[in-house]
Amino acid sequence: MKHLLSLETLSATAMESILAGAADMKRSRGQHACQPLKGQVWGLIFSKSSTRTRVSFEVGIRELGGQALFLNANDIQLGRGEPIKDTARVLGRMIHGAVIRTFAQKDVEEFAAFSGIPTINALTDDEHPCQILTDIFTFQESRGPIRGKVVTFVGDGACNVPLSWAFAAAKLGFELRIAAPRAYQPDEAFFQRAGATHFFATGSGPVLTRHFDFPSGGKIICIEDLQAAATGADMLYTDVWVSMGKEAESAQRLRDLSGYQINAELLKVAKPGALVMHCLPAYRGKEIDDATFEAHAQTIFDQAENRLHVQKVILAWAVA
Ligand code: CP
């Protein structure tokens, strides 16, 4: 029995093993010889909205022989203040695994600690591990191993998606560039936590660039200069400027992040044939323009579909 609570705590070996299983899971859809969730009921406990994560987990659980029970956190006593540890101990006696989307990372960890059943993080304020494993799989499907490649994240560089990307870069040995205003970049303490062994800064003021190196060969660069961040990149990636739970900051975020858009001009400086990815939902005209989104829709919707295949591997891994 295993948990997938974060990429911070998932080993590089486990990440590589999940990624290695995804192509076969995708190819064999509809004809799986193995039904690892047969006879099991998995609960999806969601405190935030979801299209892709909810549907891909519900379908994936069924395709692996199990049944899915969707529990909107506001419809159960959790939403009226029943402690997580009590909810976990009750559900742990009734269901066989849990997929949780919530706000605080510690809530997913507490559920895992008290429930005694495999627990999967389906997005918290700190991480979105299933999304980033899927993104890496999608990249590798068309571009081969991500080790040594350059991924440029554009936008709110301190939200859950770039933070999970950072842990992946630290462990899998690729370069992640976070292009964001200074106030939307992770702080040094985060990179120490991620295992950075070497830190140096170049430039100053608005061109301050912070470099973090990791024993895997991975590198993370935090930079305000979007053009420099995109130059030569193998992939440009973005996410919404206003994450769930940050709606009160919408006006400020739209002002602060307005220059951080993926568009045709930016793509000109990336590597020829660079991939463009978006974890969706997309807000056209904000983090990405409509023409660029539509020009790269094949990749973006492959990425969305791949949530199903990668998460099925995660489910099978969790119960193995
Ligand atoms: N990317 C993602 O997690 O999508 P949903 O919010 O629709 O699940």
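General observations
- Single match in K2, K85, K106 (criterion: assigned to a loop (DSSP other than H, G, I, E, B), charged (D, E, K, R) and either surrounded by fewer than 18 Cβ atoms within 10 Å (Cβ to Cβ) or out of contact with any Ser or Thr (no Cβ under 8 Å at 6 or more places or on another chain) (or both)): K2
- Considering the conditions (1) surrounded by fewer than 24 Cβ atoms within 10 Å (Cβ to Cβ); (2) touching a residue at least 40 places away in the same chain (Cβ under 8 Å); (3) farther than 19 Å from D234 by Cβ, A113 is excluded by exactly one of them, (2).
- Within the option set D75, D125, being part of a loop (DSSP other than H, G, I, E, B), modelled with pLDDT under 95 and open to solvent by 50 Å² or more (accessible area, probe 1.4 Å) holds for one residue only, D75.
- Scanning region 188-220 for residues that are surrounded by fewer than 19 Cβ atoms within 10 Å (Cβ to Cβ) and under 17 Å from V154 (Cα atoms) yields P206, V207, L208, T209, H211.
- Within region 202-216, the set of residues being in contact with an Asp or Glu (Cβ under 9 Å, 6 or more places away or on another chain) and assigned to a loop (DSSP other than H, G, I, E, B) comprises G203, L208.
- Residues of region 12-54 satisfying the condition of being within 16 Å of the ligand (Cβ to nearest atom), among the β-branched types (V, I, T) and open to solvent by less than 80 Å² (accessible area, probe 1.4 Å): I45, T53
- Applying the criterion of being open to solvent by less than 10 Å² (accessible area, probe 1.4 Å) and free of Cβ contacts under 8 Å to residues at least 60 places away in the same chain to the residues of region 280-320, the residue that is farthest from the ligand (Cβ to nearest atom) is T292.
- Failed condition for V59, given (1) of a type outside the set (F, W, Y); (2) closer than 20 Å to L308 by Cβ; (3) open to solvent by less than 40 Å² (accessible area, probe 1.4 Å): (3)
- Flag if S258 is out of contact with any Pro (no Cβ under 7 Å at 6 or more places or on another chain) and open to solvent by 40 Å² or more (accessible area, probe 1.4 Å): yes
The values are calculated or read from the model by the stated rules, or taken from the named source; none is laboratory data. Please read these numbers as outputs of a predicted model, since none were measured by experiment. Note that each Cβ is placed from the backbone with ideal geometry, even for glycine, and that neighbours are counted across all protein chains shown. To get the accessible areas, we keep the full protein, side chains included, count just its heavy atoms, and leave off ligands, DNA and RNA. Shrake-Rupley method; radii C 1.70, N 1.55, O 1.52, S 1.80 Å.
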